[in-house]
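The values are calculated or read from the model by the stated rules, or taken from the named source; none is laboratory data. Everything quoted here is computed from the prediction, not taken from an experiment. Here Cβ is always computed from backbone atoms with ideal geometry, including for glycine, and neighbour counts include all displayed protein chains. Quick note on the areas: whole protein, heavy atoms, side chains included, nothing else; ligands and nucleic acids left out. Shrake-Rupley method; radii C 1.70, N 1.55, O 1.52, S 1.80 Å.
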Amino acid sequence: MILEPSIDKLQTKINSKYTLVTLAAKRARQIQDTQIHQVEDPNSATYVGLALEEILEEKLIVHPDYVMPNE
């Protein structure tokens with residue numbers, strides 16, 4: 001099974017796997033709740049896949065100085 005977008009492509013946008021996973025999970029929950037995403041022609045049918053596509057298309061980014069608060 002090949003996952004798209006690939007981890008190699010995603011790590012060119014966000015080099016920390018931990019940050020990538022955390023960001024994708026939080027965004028996937030938002031997409032699930034709102035049913036709104038920023039990808040024009042998505043390839044993925046899952047919320048996590050949509051979040052990863054947003055990261056790859058640089059529609060979702062992490063500010064380098066941002067520290068996530070404990071929730």
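Take the residues in the stretch 21-59 that are in a loop (DSSP other than H, G, I, E, B) and touching a residue at least 40 places away in the same chain (Cβ under 8 Å), then tell me which one is surrounded by the most Cβ atoms within 10 Å (Cβ to Cβ).
Among those residues, the one meeting the criterion is Ser44.
Considering only residues in the stretch 1-20 that are open to solvent by less than 100 Å² (accessible area, probe 1.4 Å), without any contact (Cβ under 8 Å) to a residue 40 or more places away in the chain and part of a helix (DSSP H, G or I), the one that is farthest from Val48 (Cα to Cα) turns out to be Ile7.
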